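Where a number appears in this text, it was derived from the coordinates with a stated rule and is not lab data. None of these values were measured; they are calculated from a predicted model. Counting neighbours? That spans all protein chains shown, and the Cβs are built from the backbone with ideal geometry, glycine included.
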Amino acid sequence: MRVALHTKVRADRVKEYEAAHREVPEELTAAIRAAGVSEWTIWRSGTDLFHVLEVEDYQAMIAELDKLPVNIAWQARMADLLDVVHDYSAQGADASLPVVWEL
């Protein structure tokens with residue numbers, strides 16, 4: 001399934017956010033793949049971040065990563081850089097953007 005998400009980086013933390021994503025821990029990328037994600041791309045427009053994921057089951061991925069120590073540490077790091085974060089709680093399992101149109 002394809003899932004689109006929207007988050008926002010703090011205007012004064014853009015460079016730090018981009019630098020952090022050049023150093024995503026291998027343990028985290030392995031866990032994301034093990035949770036069923038085959039692709040995850042993030043685009044930035046100003047402070048808006050747009051994520052597109054190809055994932056087997058988004059809700060299952062959220063549940064699997066929610067309690068994982070490497071993801072908890074990463075999300076804490078991201079929370080310091082973001083105004084709007086990716087919600088890994090059960091409530092966040094429905095946080096994807098609805099499809100409006102496709103070609």
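Looking only at GluC sites (Glu not before Pro) in DSSP loops with at most 12 other Cβ atoms within 10 Å, what is the longest site-free stretch of the chain? Between exposed loop sites, the widest span is 57-101. Mind checking which of Arg77, Arg22, Arg33 has the largest fluctuation in a GNM of the chain, springs on alpha carbons under 10 Å? Fluctuation is largest for Arg22.
Estimated from helices alone, the mean residue ellipticity of the chain at 222 nm is -11000 deg cm²/dmol (sum of -39500 (n - 2.57) over DSSP H runs with n ≥ 4, per residue). The slack in the chain from Lys67 to Thr29, taken as 0.36 nm per residue of separation less the alpha-carbon distance, amounts to 12.2 nm. One compactness figure for the range 1-82 is 1.07, namely its Cα radius of gyration divided by 2.2 N^0.38 Å. Sorting Asp87, Asp80 by the number of Cβ atoms found within 10 Å of their own Cβ, with the fewest placed first, yields Asp80, Asp87. Among His6, His86, His51, the order by Cβ neighbours within 10 angstrom, fewest to most, reads His6, His51, His86.
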